[in-house]
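The values are calculated or read from the model by the stated rules, or taken from the named source; none is laboratory data. It should be emphasised that the depicted structure is a prediction, and the values quoted were computed from it without experimental measurement. When we count neighbours, we look across all protein chains shown, and the Cβ atoms used for this are built from the backbone with ideal geometry, even at glycine.
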Amino acid sequence: QNGQQSAGGHSIKWNGKNDDGVPVQSGVYFYRLQTDGYVGSMKMFKLK
């Protein structure tokens, strides 16, 4: 989700679909978080 956010805790939910709206298969996926003072990536698992 792009855009400026106010200070505090936030969450985002992935719908399990790719950029074309097609559901992705079970597996390991990586996400990236970038802010003004931080860039990081982690892995997540999608299970059926």
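Consider Gln4 carefully, then state whether it is modelled with pLDDT under 95 and polar (S, T, N, Q). Considered against the rule, which asks whether it is modelled with pLDDT under 95 and polar (S, T, N, Q), Gln4 comes out as yes.
Selection of first residues in the range 1-27 that are more than 18 Å from Lys43 (Cβ to Cβ) and of a type in the set (S, T, N, Q) and of second residues that are exposed (fewer than 10 other Cβ atoms within 10 Å of the Cβ) and modelled with pLDDT of 85 or more, restricted to Cβ pairs under 8 Å at least 6 apart or on distinct chains, gives the following pairs, ordered by first then second residue: Gln1/Ile12. Among the residues of the range 1-18, just one is of a type in the set (A, V, I, L, M) and within 11 Å of the chain's Cα centre (by Cα), namely Ile12. All conditions in (1) surrounded by 10 or more Cβ atoms within 10 Å (Cβ to Cβ); (2) within 10 Å of the chain's Cα centre (by Cα) hold for Ser41, with the sole exception of (1). Residues in the range 31-48 that are in contact (Cβ under 8 Å) with a residue 12 or more places away in the chain and in a strand (DSSP E or B): 6 in all.
Please enumerate the residues belonging to the range 19-30 that are under 14 Å from the mean Cα position of the chain (by Cα), assigned to a loop (DSSP other than H, G, I, E, B) and exposed (fewer than 10 other Cβ atoms within 10 Å of the Cβ).
Correct list: Asp19 only.
Of all residues in the range 21-48, those that are in contact with a Gly (Cβ under 7 Å, 6 or more places away or on another chain) and hydrophobic (A, V, I, L, M, F, W, C) total 2.
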